[in-house]
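**Q** Once you've had a glance at the structure underneath, I'll fire off some questions.
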Amino acid sequence: MFMRRRPLMRAAVVGGGAYVAGKSVARRRGQQAQQDSDQDQRIDDLEQQQAPAAPDQSAPAAAAAPSLLDQLNQLSALHDQGALTDNEFTVAKAKLLG
């Protein structure tokens, strides 16, 4: 009976080590996937901000000021990107809303 326990203990130690290593690899892959997703979202946001707006033939869009909704969306995007802190975002939003 004593001889049987050692192989079982060895198998338990090896199996436990493999389990922990597998979880570690899965966690790192998940973190990398999240970072990639966040980076893709930031790139998409920047591309949308930099993309030239299609000129509207019926009204001069360049002369008109951005709407309140557009300004709030821009503030929200900057806040989501981390360019604005919570306090800066709150102050800027309050300033826009009056």
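**Q** Quick check on Ala64: is it out of contact with any Ser or Thr (no Cβ under 8 Å at 6 or more places or on another chain) and at pLDDT 90 or above?
**A** For Ala64, the condition - out of contact with any Ser or Thr (no Cβ under 8 Å at 6 or more places or on another chain) and at pLDDT 90 or above - is not met.
**Q** Answer with yes or no whether Leu84 is assigned by TED's automatic domain parsing to the domain that holds Lys95, of a type in the set (A, V, I, L, M, F, W, C) and modelled with pLDDT under 85. Before you say what the answer is, go through the steps one by one.
**A** Details: assigned by TED's automatic domain parsing to the domain that holds Lys95: yes; of a type in the set (A, V, I, L, M, F, W, C): yes; modelled with pLDDT under 85: yes.
Yes: the conditions hold for Leu84.
The values are calculated or read from the model by the stated rules, or taken from the named source; none is laboratory data. Everything numeric here is computed off the predicted structure, so don't read it as measured data. Cβ coordinates were reconstructed from backbone atoms using ideal geometry, including for glycine residues, and neighbour counts include every protein chain displayed.
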